[in-house]
Amino acid sequence: MAKRTLQLGRPVSLPASPKDAQLDRVPNPHRDTDYVVRFTAPEFTTLCPITGQPDFAHLVIDYVPRQWLVESKSLKLYLSSFRNHGAFHEDCTVGVGQRLVKLLKPKFLRIGGYWYPRGGMPIDVFWQAGKLPSDVWLADQGVAPYRGRG
């Protein structure tokens, strides 16, 4: 099996779909310390699999690493690959979380998908895996509930 080259530091095309996207991991330099890594993607975009209309979400991913960290450029490319991909909100949110867990094998990972309304109803999707270590502070995801014209 050929060794994969990191996408970091070189030009890379946007993957055609999430299944074609390469997610890279790098060694965790602080394996002896429990801490939270947070990625926020406030402009996540995908397509409704029925109508083809765009759906937008604010994703927040928190994880406590073990041996590996996700490399941020590869994560950005992976999340961007959903732009022309048709999937329901639940599939996108849970699928992103599951793929990261498979790659990283973290102690804990949670993802919040805060989807903007279409058809008059926002849909928020939450998924987690693992157990948060008792001595780790996990901040609120900080995304306000949808208020409409409130």
Selection count, region 65-83, where residues are crowded, with 21+ Cβ neighbours inside 10 Å and over 25 Å from PRO11 (Cα atoms): 1
Test: ASP62 is surrounded by 16 or more Cβ atoms within 10 Å (Cβ to Cβ), touching a Ser or Thr at 6+ places or on another chain (Cβ under 7 Å) and charged (D, E, K, R): no
Residues of region 106-150 classified as touching a His at 6+ places or on another chain (Cβ under 7 Å) and loosely packed, with under 10 Cβ neighbours inside 10 Å, total: 0
Matching residues, region 21-34, being surrounded by 12 or more Cβ atoms within 10 Å (Cβ to Cβ) and not β-branched (Val, Ile, Thr): ALA21, GLN22, LEU23, ASP24, ARG25, ASN28, ASP34
In region 34-52, the residues that are assigned to a loop (DSSP other than H, G, I, E, B), hydroxyl-bearing (Ser, Thr, Tyr) and within 28 Å of ASP140 (Cα to Cα): TYR35
Selected residue (criterion: surrounded by the fewest Cβ atoms within 10 Å (Cβ to Cβ)) from residues of region 84-99 that are over 17 Å from THR45 (Cβ atoms) and in contact with a strand residue (DSSP E or B) (Cβ under 6 Å, 6 or more places away or on another chain): VAL94
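Can you tell me which residue among ARG10, ARG31 is at pLDDT below 95 and assigned to a loop (DSSP other than H, G, I, E, B)?
Step by step, each of ARG10, ARG31 is checked, and only ARG10 is at pLDDT below 95 and assigned to a loop (DSSP other than H, G, I, E, B).
The values are calculated or read from the model by the stated rules, or taken from the named source; none is laboratory data. Everything numeric here is computed off the predicted structure, so don't read it as measured data. All Cβ positions, glycine included, derive from the backbone under ideal geometry; neighbour counts span all protein chains shown.
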